[in-house]
1. Count the lysine pairs in the chain whose Cα atoms lie under 25 Å apart, taking only pairs 8 or more positions apart in sequence or on different chains.
2. Measure out, as a whole number of angstrom, how far apart the alpha-carbon centroids of the range 124-156 and the range 35-97 sit.
3. Within the chain, what's the longest stretch lacking chymotrypsin sites (Phe, Trp or Tyr not before Pro) that sit in DSSP loops with no more than 15 other Cβ atoms inside 10 Å?
4. So what is the 222 nm mean residue ellipticity for the chain from helices alone, if each DSSP H run of at least 4 adds -39500 (n - 2.57) and you divide by all residues, rounding to the nearest 500 deg cm²/dmol?
5. What does the charge count near Ile122 come to, summing +1 for each Lys or Arg and -1 for each Asp or Glu among other residues with Cβ under 13 Å from its Cβ?
Amino acid sequence: MKLNKKGQAAYDRMERYYNRERAWLDAHPEDPLHDELGWSIIDNDDYVRDFEDECALLVFGYDDYALFHLEEYANMYGNGWDEEYAFGHTTKEYYDEVYTYFEKEMCGFLTDDEKMHDFFRISKEEFLFSYSYLTEEEYDMTVAEIKEWLKKVEEE
């Protein structure tokens, strides 16, 4: 997946924070976090103060797996997408916001086996109801990807 301008700006902001914190830790080897190399060194109140910061951290920490992480998180809890994730916002609200950080052409679900199984078994309306976090645009994008793939197969 490719970040758009909004996503790249969020990523760059968190990268600056990370590099600043990493430089400070490198200068202070006595700090208990000194040996921590992951992005979790900025997963705290100094750098993540609100909804936008949390979205930016998700993109920085998980990169193109940020949406997958949120989907996985939603599936871990009984309330799923309505479960509060952070700062009083639901997992669905985070997913929707982080989704805006990526180029739209990358958001089909053609490679998701579970969704594709259902895609071929139930109607569009049932599918979108069942996967309420997906948009009609994503559904239609997947239809277009299937048609493009079939066209290539026919040409061979």
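No lab work stands behind these numbers, since they all come straight from the coordinates. Because the structure is predicted, anything quoted here is derived from the model rather than measured. With ideal geometry, Cβ positions are generated from the backbone for all residues, glycine too; neighbour counts draw on all protein chains shown.
1. 24
2. Taking the Cα centre of each part, the range 124-156 and the range 35-97 sit 27 Å apart.
3. Working: sites that count: Tyr77, Phe87, Phe120.
Longest run free of exposed loop sites: 1-76.
4. For the chain, the value works out to -18000 deg cm²/dmol.
5. Numbers: positive: Lys115, Arg121, Lys124; negative: Glu114, Asp118, Glu125, Glu126.
Net charge in that neighbourhood comes out at -1.
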